[in-house]
Amino acid sequence: MNLHLRSSLFRLCYAGGACLCLLPWCGCKQLSQGTPTPVIARYQPLPEKKDIPPFMIGTIWERVDMENIDGFAISGFGLVVNLDHTGNNDQLPTVVKTYMIKEMLKEGFGNPLLPDFHKRTPESVIADDRTSVVQVDALLPPGVRKGQQYDVRVSVLPRATTTSLAGGILYRTDLAIDGADTHNPVSKINVRGQARGTVFLNPAYALGRSGPVPTRASRAALRSGVILGGGIADYDRPIFLRLRKPQASVSRAIEQRIISRFKGEESVASAHDEGKVEVFVPPSYGTNWQHFMGVVLHTYLSERPEFETMRARELADEAIKTNARLGDISYCWEAIGPAALPFISKLITDPNPNVAFAAARAGAFIGDPTEAAQSALLDMARTPDHPFQLEACQVLGELPSSPAVNRMLRDLLNSQQTSVRLEAYRVLAQNNDSSVYSKVVPEDPNNQKFILDIVPSQMAPIVYATRSGDPRIAIIGRMPKVMRPIVFSAMNNRLTISSRSQAGALTMFYRDPDLAEPVKMYSNPDLGEVLRRLGGDAAPDETTLNFTYGQIVAILMGLSDAHELTDENNGVIASAPFVLQDPPQLEKMLAAPIEPGRSVKDSTTSDSLNGTPTDAATLATGRGHEGAP
């Protein structure tokens, strides 16, 4: 028998044997069909929502609950350098120290092939009192997209004796789930983002870099800070719509309806299974997930033109009723889109400011081709004491950048209301409008610290600094000057700014034990030039100063507190106000979007997700009040 024939017979016999072996199993399977194994549902049905307003019947909100809308905590251990001999790592837990040495070796410390690091072993760096190992914490915002930035918090470890992080710069740090566990530092499989950048301390304490610290509050303030926009997301984080009655066909229908409503946006929704739909915030909404989800939830599942027209008319009738739920009505109009404009246009001039704002807001976001809605918002923003003055400005800022919108916002730079001027500046800077002259300080591309925005006008000046997002200092209005003569000192007299006469130039003098010789430079009294000098801009033959953004803001606050920033107008000299953005609160990222609730009344609406009232700004943009970019 030849080899080929034997091989064929062997395969035939093997297959036959396999079939015979399967026969008993098949028979048992057949017999067991009378008692099927119970299938365990992945999702338990939830009760129907109660007290649904008639105009909300048929919306996505009626059928779902939102999930994954809390801040997602990530953390890690990192290394802060450039301290003023205020660091101390003697009390580091052994496991943390071992982990940091391992990470520093990966970064190149001690590598003889790297000129900048070959003499610095990880052990010598950790022993240096100009460094401190810190804990880095962040909350990934709901709906964050890969590559988006967010603020992070750095703090000295509890038992460590580092006294101040002023002037510190954080090396690149991986952030992960439970990454700052002192018993088991970060596992690389859980990395969700990175962080790096300059530490920003409370400016009220940041200049006290050394010496005794008198109070517990000031000690704590010097041991923790924020890195503005220092975190970068590593992945797209979806928001989940959990079906109250799981059903694959409904899940798929919701997916397709969201995709249809946001045509042109890539990968905006995906039916995960019969009980859950994943929703991704489109890039056009930036980080404003609240506004996006407000539109999603108020979208009707039916998109038949006659249905949308009928609903838009019903919403208009509902809006003028007493105690109407205008927050929800405005979002429903926005979700319907252009079909709602004919009904919205009649209400833009309604004598009730609540109704007029709700209609103008929806019309502007839909894209009113007549610009009547945009013009109505501008009139509200221009009107002193209008209940929606700031919110109208915020809505204009949320619209796609255009010459027409920017022209409207420029007018608001001359508002009598500081909050309106700041919001108009924020949006114009975000839109890169020509009315804002922006300069990165210093000019060195490898050492950029902050953006200096000059916004000229004939109004009294406002000096503004951010402490969240991009580091920016803005001078809005006439250019303030540093008063002369002056003798100003900071940083335990290491920095002095002085002028002997009312007409002389300012002399900046800085001495530091780590410098071979003191730095001395001159500046005219214009605040813009003073800030550039402090940030590192200098003439080719001058030695530059090298203060961090946080230190510069602290110096600016010190000058303001001493009434050394002045504005002269028609011979009258007044102090120029300095405004610092509200302190960053990571919990603000957990704010929920608009959902059906109480009526817009007295400039308030409500959010039925948490049952607490939210201000009118949330109706305006879904994000509430914000500072500059």
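The values are calculated or read from the model by the stated rules, or taken from the named source; none is laboratory data. As the structure is a computational prediction, the values presented were derived from the model and not from experiment. Here the Cβ is made from the backbone with ideal geometry for all residues, glycine too, and neighbour counts use every protein chain on show.
Is it the case that the stretch 227-247 has a residue that's farther than 23 Å from residue 290 by Cα and within 23 Å of the chain's Cα centre (by Cα)? Looking for residues that are farther than 23 Å from residue 290 by Cα and within 23 Å of the chain's Cα centre (by Cα), one finds at least one in the stretch 227-247, hence yes. With the condition kept exactly as written, say whether any residue in the stretch 48-63 is assigned by TED's automatic domain parsing to the domain that holds residue 164, basic (Lys, Arg) and either at pLDDT below 95 or in a loop (DSSP other than H, G, I, E, B) (or both). No - not one qualifying residue is present in the stretch 48-63. When the test is whether a residue is modelled with pLDDT of 95 or more and assigned by TED's automatic domain parsing to the domain that holds residue 167, residue 248 does not pass it. What residue, among those in the stretch 560-583 that are under 32 Å from the mean Cα position of the chain (by Cα) and in a loop (DSSP other than H, G, I, E, B), is nearest to residue 465 (Cα to Cα)? Among those that are under 32 Å from the mean Cα position of the chain (by Cα) and in a loop (DSSP other than H, G, I, E, B), it is 581. Among all residues of the stretch 478-487, there is at least one that is surrounded by fewer than 17 Cβ atoms within 10 Å (Cβ to Cβ), of a type in the set (Val, Ile, Thr) and within 16 Å of residue 530 (Cβ to Cβ).
The residues listed here are 494, 472, 484, 500; of these, the one that is in contact with a helix residue (DSSP H, G or I) (Cβ under 9 Å, 6 or more places away or on another chain) and basic (Lys, Arg) is 472. On inspection, residue 315 does not qualify as without any contact (Cβ under 8 Å) to a residue 60 or more places away in the chain and either among the hydrophobic types (A, V, I, L, M, F, W, C) or crowded, with 18+ Cβ neighbours inside 10 Å (or both). The set of residues in the stretch 391-447 being basic (Lys, Arg), in contact with a Leu (Cβ under 8 Å, 6 or more places away or on another chain) and farther than 16 Å from residue 379 by Cβ consists of 421, 439.
Residue 467 falls short of the stated requirement of being part of a loop (DSSP other than H, G, I, E, B), of a type in the set (Lys, Arg) and surrounded by fewer than 19 Cβ atoms within 10 Å (Cβ to Cβ). Beta carbons closer than 8 Å, at least 6 apart along the sequence or on distinct chains, pair a first residue in the stretch 397-415 that is in the same structural domain as residue 382 (by TED's automatic domain parsing) with a second that is acidic (Asp, Glu) and assigned to a helix (DSSP H, G or I) for 397/423; 412/423. Please find, among 108, 143, the residue that is of a type in the set (Gly, Ala, Ser) and surrounded by fewer than 20 Cβ atoms within 10 Å (Cβ to Cβ). After ruling out the rest, the residue left standing is 108. Filtering the stretch 41-86 to residues that are free of Cβ contacts under 8 Å to residues at least 24 places away in the same chain and out of contact with any Asp or Glu (no Cβ under 9 Å at 6 or more places or on another chain) leaves 44, 50, 51, 57. Note on the stretch 425-456: residues that are without any contact (Cβ under 8 Å) to a residue 40 or more places away in the chain and surrounded by 16 or more Cβ atoms within 10 Å (Cβ to Cβ) amount to 8. Is it the case that the stretch 218-226 has a residue that's over 23 Å from the mean Cα position of the chain (by Cα), modelled with pLDDT of 90 or more and not in a strand (DSSP E or B)? Yes: the stretch 218-226 contains one or more residues that are over 23 Å from the mean Cα position of the chain (by Cα), modelled with pLDDT of 90 or more and not in a strand (DSSP E or B). Look at (1) over 25 Å from the mean Cα position of the chain (by Cα); (2) among the hydroxyl-bearing types (Ser, Thr, Tyr); (3) under 19 Å from residue 466 (Cα atoms) and you find that residue 419 fails only one, number (1).
Of the residues in the stretch 304-319, at least one is of a type in the set (Lys, Arg) and out of contact with any Ser or Thr (no Cβ under 9 Å at 6 or more places or on another chain). Screening 373, 404 for residues that are surrounded by fewer than 21 Cβ atoms within 10 Å (Cβ to Cβ), part of a helix (DSSP H, G or I) and among the hydrophobic types (A, V, I, L, M, F, W, C) leaves exactly one candidate, 404.
Residue 367 meets each of the listed conditions (1) within 21 Å of residue 260 (Cβ to Cβ); (2) free of Cβ contacts under 8 Å to residues at least 60 places away in the same chain; (3) out of contact with any Pro (no Cβ under 8 Å at 6 or more places or on another chain) apart from (3). Scanning the stretch 164-194 for residues that are of a type in the set (Ser, Thr, Tyr) and buried (at least 24 other Cβ atoms within 10 Å of the Cβ) gives 164, 173.
Checked against (1) among the polar types (S, T, N, Q); (2) touching a residue at least 24 places away in the same chain (Cβ under 8 Å); (3) farther than 21 Å from residue 204 by Cα, residue 224 passes all but condition (3). Failed condition for residue 343, given (1) farther than 26 Å from residue 289 by Cα; (2) loosely packed, with under 15 Cβ neighbours inside 10 Å; (3) of a type outside the set (S, T, N, Q), with all others met? Going through (1) farther than 26 Å from residue 289 by Cα; (2) loosely packed, with under 15 Cβ neighbours inside 10 Å; (3) of a type outside the set (S, T, N, Q) one by one, residue 343 breaks only (2). The set of residues in the stretch 512-531 that are surrounded by fewer than 19 Cβ atoms within 10 Å (Cβ to Cβ), in contact with a Ser or Thr (Cβ under 9 Å, 6 or more places away or on another chain) and closer than 28 Å to residue 226 by Cα comprises 515, 529.
The number of residues in the stretch 418-458 being basic (Lys, Arg) and part of a loop (DSSP other than H, G, I, E, B) comes to 1.
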